[in-house]
Each structure stands twice: as C-alpha cells, then as structure tokens.
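This report concerns only the one structure given below.
Bear in mind that the values in this text are calculations on the coordinates, not laboratory data. Bear in mind the structure is a predicted one, so any value in this text is a computation, not a measurement. Cβ placement follows ideal geometry from the backbone for every residue including glycine, while neighbour counts extend to all protein chains displayed.
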Amino acid sequence: MALREIITPDNPVLRKKAHKVTSFADPKLQKLIDDMIETLGKAEGVGLAAPQVAAPLRLIVVRLPDDDASREEYGDQAGVLYVVINPEIIRASDELVEGLEACLSIPGYYGNVERHVGVTVRGYDRKGKQIRIKAQDWLARVFQHEIDHLDGVLFIDKAKEIYKVSRREEDDDQPVQAAEVKVELNPNE
C-alpha cells in the first residue's frame, strides 16, 4: 500500500466524469483500493473518491469514525469500511436536510449543503459482488458527496453558503461566495 496525493480543483481529473470499472480482477484496481484506504486513514477523512487521487474511475471508499461517540451515534455503521465500485443511488428519501460538509480536495473550506436524509446505494465490492447499502443521516451524506465526485461535482457547487476556516480565535469563520471560492481554488476556470 502507498499514500496517494489528494488533488485539488486545479487538476482537471477532479472535474471530469469518471469511467466505469469493467475488470474487478485487475491488480492495479486492487492496489488503487488499498492505496485509497490508506490515504483516507492518513487524511482522517470519512470518504474518498478515486478522482480525488487522480484516478478517473467510479470507485469510492467510505468509513465513519470508530470512537465511542461515533459508536453511540452511528451504532454498527461506525468504523465499517465500505468499498463501492460503480456506485449509484437507486433510492433517495424525499426528505432533505441541510448540513455542513468539507472535502479533502478543498482544504480550508466547508459549507452548508442540502442532501437527502437517506439513500440506497447499489454497486460492487472489490471482488465484483453486487452490494446494496442503505444509509441514513451522516453516512447518507458521505455517500452522496463521494458519488458526486464521480461526476465531477464538488460540494462548493451545491453549497448554499461556504466558509473559510479561520485559524485565529478572534476571527469568526466568515461566509464567502461560492464563486469566490471557485475562482480562488481554480484560477484556470
């Protein structure tokens, strides 16, 4: 396993639609999965899509934290590793909720994004076996965020408000316009 660099919006791979995986037995795919798991753990994130490590494939890894507070809040979903190849949302709740999101590819920013409260995701595990995952609340938000990456969509594209993380205590996090973030993060657009 190896750590992979997490790219930012200045890399065009992040904004392109990812390709469907057709061969599950490919050793390169299996290495990519292992590398993504290691990279996600090192970055202390909860989800990572292959395009975020410059691999234009429809592959995501998701893992909620596995600490006492997370086990209390998320039960048996805390700490579970989900590797989903060619994921698609096949069912989504009518109920939407706004919540805070951040992204490993857009460090220093977070925003309010409206998402479905629950989703059912269909895809394949790393061995090519079809799987279905019913996700609620934060786990559902993470799946929606990561699947968006596979279509070149970033949370800043959907955020109602975006905030720049402040490092000084006397500064409150101040909202910024999404267009400002896009220009600031990707001067080529």
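Residues in segment 81-107 that are among the aliphatic types (A, V, I, L, M) and within 17 Å of Arg122 (Cβ to Cβ) were compared, and the one that is surrounded by the fewest Cβ atoms within 10 Å (Cβ to Cβ) is Ile90. Within segment 105-138, no residue satisfies the criterion of being of a type in the set (Phe, Trp, Tyr) and free of Cβ contacts under 8 Å to residues at least 24 places away in the same chain.
Can you pull out every residue in segment 105-121 that is part of a strand (DSSP E or B) and within 15 Å of Arg141 (Cα to Cα)?
Scanning segment 105-121 gives Tyr110, Gly111, Asn112, Val113, Glu114, Arg115, His116, Gly118, Val119, Thr120, Val121.
A Cβ distance below 6 Å, combined with a sequence gap of six or more or placement on separate chains, defines the contacts here; from segment 76-104, residues that are touching a residue at least 24 places away in the same chain (Cβ under 8 Å) and part of a helix (DSSP H, G or I) reach no residue that is surrounded by fewer than 20 Cβ atoms within 10 Å (Cβ to Cβ) and polar (S, T, N, Q). A count restricted to segment 22-49 and to residues that are in contact with a helix residue (DSSP H, G or I) (Cβ under 8 Å, 6 or more places away or on another chain), part of a helix (DSSP H, G or I) and not hydrophobic (A, V, I, L, M, F, W, C) stands at 2.
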